[in-house]
Amino acid sequence: KPLLFGRRDGCLVFGLPGNPLSALTDFLVFVLPAIRKMTGLPGAGLPEVRARLTETIHQKPGRTWYRLVRIGLVGGRFEATPVRSTGSGDLVSAVRANGFAIVPAEAASVAAGDEVRALLWPGVELS
């Protein structure tokens, strides 16, 4: 947050936040899918999977959160491990992540073992 979206003279305009992780998140979740769709590329959105959380996530309810996670395949199932971050300027945490766990706006927490919607970043190869 904040994210600006609008049209000017028939062109789509996106305004991204100044913090690096916020800008990365908004670009991957909103801008990249729009660019792919406008250019006719398949798979407009990031690939989405259901993943089991390995640790509990706590958030302030009221808006949807895209939490940095490391997604892997364990026993044929996706697992998402939250990546610790000191805030939206912490680029080191982004290097450790390969996706987002989506925490619904109404949730104050999502428990370890629960399944969440997870988005894989472009170019992610799971092993």
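Put simply, when 96-107, 72-83 are sorted by average Cβ atoms within 10 angstrom per residue, most first, you get 96-107, 72-83. In this structure the chain gives 60 Å² per residue of accessible area when probed at 1.4 Å with all protein chains present.
Roughly how many percent of the accessible protein surface of the chain is carbon and sulfur, given a 1.4 Å probe and a whole-percent answer?
Numbers: 4270 of 7590 Å².
Answer for the chain is 56 percent, counting heavy atoms of protein chains only.
Listed highest first by mean packing, meaning other Cβ atoms within 10 Å per residue, what order do 49-56, 7-14 come in?
Values: 49-56: 16.4, 7-14: 8.5.
Going from most to least packed, we get 49-56, 7-14.
Computed from the alpha carbon atoms alone, the convex hull of segment 38-99 holds 143 Å³ per residue. Put simply, the amide H of Ala107, placed in the peptide plane, has neighbours under 5 Å in Gly62, leaving out anything fewer than 5 places away on its chain.
Between Cys11 and His58, the simple label model (points 7 Å from Cα in the Cβ direction) yields a spacing of 4.6 nm. Working note: Karplus 6.51/-1.76/1.60 with θ = phi - 60° gives segment 92-97 the couplings 4, 5, 5, 5, 7, 9 Hz, where Gly and Pro are set to x. Among the listed options (1) 13, 47, 32, 7, 0; (2) 11, 35, 32, 16, 5, 1; (3) 13, 40, 35, 11, 1, 0, the one matching P(r) over Cα pairs in 10 Å bins from 0, in percent as calculated from these coordinates is (3).
Placing a label point 7 Å from the Cα of Val124 along the Cα-to-Cβ direction, the residues of segment 39-62 whose backbone N falls under 20 Å from that point are 42-59. Helical runs assigned H by DSSP (4 residues or longer) give the chain a calculated mean residue ellipticity at 222 nm of -4000 deg cm²/dmol, each run adding -39500 (n - 2.57) before division by the residue total.
The values are calculated or read from the model by the stated rules, or taken from the named source; none is laboratory data. Small disclaimer: the values here were computed from a predicted structure and weren't measured. Cβ atoms come from the backbone with ideal geometry, glycine included; neighbour counts cover every protein chain shown. With ligands, DNA and RNA removed, areas are computed over all heavy atoms of the protein, side chains included. Shrake-Rupley method; radii C 1.70, N 1.55, O 1.52, S 1.80 Å.
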